[in-house]
Amino acid sequence: MKVLLLGVVLVQLVLLLFSPVLKTRPVFQWYYTQVFYPVFVDVDRLRWKFWAVPVLYASVYGYCAVLFLQDVEPVVRTRLTALERWVVVPAALAAPLVSGALAMAVKPRTSRGAWSAPRYDELIFHAGLECRTCRLPKYARSRHCAICGQCTLLADHHCVWVNNCIGQDNYQYFYGFLAANVIVTSYGSIRLAWVRRAGGDERSLLVLCALLGCFAVILTVFAYFQVALVRDGMTTGEETKWLVVHDMLRQGKLVVDGSGRYFYRLDREDDAGAFEFYSTNMYDSRVYPVQNYRTVRDPAEITNIYDRGGFWANLRERVGYGV
């Protein structure tokens, strides 16, 4: 039975990995059109699939909670303080559920609502653009989400764990959900490890301690990246844009003209030593006649106008207390 199950899993992995490459071949073609494309590519079909990850999270949380309440809590009860038994543990069990429900329920602000949009920096965000799907102005720091079917303002990413876009008006709930999970898993793993050190050797105690420890490490790493983005005044989507800009800078292909407008300088294929200049706007494919320009050599020459000057200032802006 185990061999059969392993064989089925291996077949699924092979089909999953190779069907996009071999999608014109028999078997692979069927798997691609009937399974891979509707599940992993087409956002309009099988909409229930977007709730698979939240259900997975709820299942793992439920398993850990039941394991603690049924098997672990009776073992460690006498080693917990009254404050832990009556305040810390109930709060730890409730915090991920409450914060997760809020992060899932509160929707971000979209381009359809009235909003005072940030100004365009004409480097990673450009004026005069329209979302090709929404047919609405493409505001600075906004991003279209194909899953939600909207342009989210101050967009960071679509969080699969709560099946919701993270952006203007719901950052605080997402950060609360992330912080709650980091704190609960870290506290739980450390506290249970301390109990085991004092003589607790029950199997359920070891299992829960190991699970919480693994989750704590993963969540802490993810939280660190989120903190770094806030510190630098960037969102997840903007980080990708800045990586492109800095890559062009390192190659000596980022230039700025006398008016302060940035361009990418690319070698012409038909004329050695000649250049073509393109806007940093990825939607603009026109060639520009740039004459007086200088090459940007140092990242310090580029200013991120969306950085308010530090972690706390950027955080206040995102959670709704900035100016």
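Can you give the translational diffusion coefficient of the range 190-260 in µm²/s, computed by Stokes-Einstein from the Kirkwood radius over Cα pairs at 37 °C and 0.692 mPa s?
It diffuses with D of about 203 µm²/s by this estimate.
Using a Förster radius of 25 Å, what is the FRET efficiency between Val43 and Asp307 based on their Cβ-Cβ separation? Nearest 0.05, please.
That gives a FRET efficiency of 0.20.
Which far-off residues, 5 or more places away or on another chain, put their amide H under 5 Å from the one on Phe275, with H placed in the peptide plane?
Those qualifying (amide H under 5 Å, at least 5 residues apart or on another chain) are Arg268.
Can you work out the Karplus-derived ³J(HN,Hα) for every residue in the range 242-255? Use 6.51 cos²θ - 1.76 cosθ + 1.60 with θ = phi - 60°, whole Hz, and x for glycine or proline.
These are the phi-based 3J(HN,Hα) values: 5, 4, 5, 4, 5, 5, 5, 4, 4, 7, x, 10, 9, 10 Hz.
So how much slack lies between Cys214 and Leu22, counting 0.36 nm per residue of separation and subtracting their Cα-Cα distance, in nm?
Result: 65.5 nm gained on full extension.
For labels at Asp247 and Arg294 in the simple 7 Å Cα→Cβ model, what's the distance in nm?
2.7
Report, in deg cm²/dmol and to the nearest 500, the calculated mean residue ellipticity at 222 nm for the chain, where each DSSP H run with n ≥ 4 adds -39500 (n - 2.57) and the sum is divided by the residue count.
Counting only the DSSP helices, I get -14000 deg cm²/dmol.
Can you give the local net charge around Cys165? Use residues other than it whose beta-carbon is closer than 11 angstrom to its beta-carbon, Lys and Arg +1, Asp and Glu -1.
Summing Lys and Arg as +1 and Asp and Glu as -1 gives +1.
May I ask you to derive the FRET efficiency for Asp257 and Glu130 from their Cβ-Cβ distance with R0 = 25 Å, giving the value to the nearest 0.05?
0.45
Taking springs between alpha-carbon atoms closer than 10 angstrom, which of Val43, Val230, Val106 fluctuates most in the Gaussian network model of the chain?
Evaluated over the chain, the most mobile residue of the options is Val43.
What would the Debye equation give as log₁₀ I(q)/I(0) for the range 1-42 at q = 0.16, 0.19, 0.32, 0.34 Å⁻¹, counting only Cα atoms as equal point scatterers?
Normalising to I(0) and taking log10 leaves -0.41, -0.54, -1.01, -1.08.
In the chain, once you exclude exposed chymotrypsin sites (Phe, Trp or Tyr not before Pro) (DSSP loop, at most 13 other Cβ within 10 angstrom), what's the longest stretch remaining?
Within the chain, the longest run free of exposed chymotrypsin sites (Phe, Trp or Tyr not before Pro) spans 1-282.
Radius of gyration and Dmax for the range 233-323's Cα atoms, expressed in Å?
In Å, with Rg to one decimal and Dmax whole: 16.1, 54.
In terms of the ratio Rg/(2.2 N^0.38 Å) built on C-alpha atoms, what value belongs to the range 172-323?
1.62
Kirkwood hydrodynamic radius of the chain from all distinct Cα pairs, in Å?
23.8
How large is ³J(HN,Hα) for each residue in the range 5-13, as worked out from phi by the Karplus curve 6.51 cos²θ - 1.76 cosθ + 1.60 (θ = phi - 60°), to whole Hz, x for Gly and Pro?
Whole-Hz 3J(HN,Hα) from phi for the range 5-13: 4, 4, x, 4, 4, 5, 4, 4, 5.
What residues qualify as long-range amide H neighbours of Asn164, i.e. H under 5 Å apart, gap of 5 or more or another chain, H built at 1.01 Å from N?
Here the answer is Cys159, since their amide H atoms fall under 5 Å of that of Asn164.
Local charge sum around Cys134 (other residues, Cβ-Cβ under 12 Å, Lys/Arg +1, Asp/Glu -1)?
For residues surrounding Cys134, the net value is +4.
List, in order, the whole-Hz ³J(HN,Hα) value for each residue of the range 284-296 obtained from phi through the Karplus relation with A = 6.51, B = -1.76, C = 1.60 and θ = phi - 60°; use x for Gly and Pro.
The phi angles translate into 10, 9, 6, 8, 9, x, 8, 9, 8, 8, 9, 7, 7 Hz.
Can you give the direction-averaged projected area of the convex hull of the alpha-carbon atoms in the range 38-183, in nm²?
Computed as one quarter of the Cα hull surface, the answer is 11.6 nm².
Tell me the label-point distance for the pair Asp284, Arg79, using the 7 Å Cα-to-Cβ offset, in nm and rounded to one decimal.
It is 6.4 nm.
Using a Gaussian network model of the chain with C-alpha springs under 10 Å, which one of Val221, Val39, Val27 is most mobile by mean-square fluctuation?
Among Val221, Val39, Val27, the largest mean-square fluctuation in the Gaussian network model of the chain belongs to Val27.
Take the alpha carbon atoms of the range 153-231, find their center, do the same for the range 28-79, and report the distance between the two centers in whole angstrom.
So the two Cα centres are separated by 16 Å.
Here, each number is a calculation from the coordinates, and none is a lab measurement. Since we're looking at a predicted model, the values are computed, not measured. For neighbour counting, all protein chains shown are included, and Cβ atoms are generated from backbone atoms with ideal geometry for every residue, glycine included.
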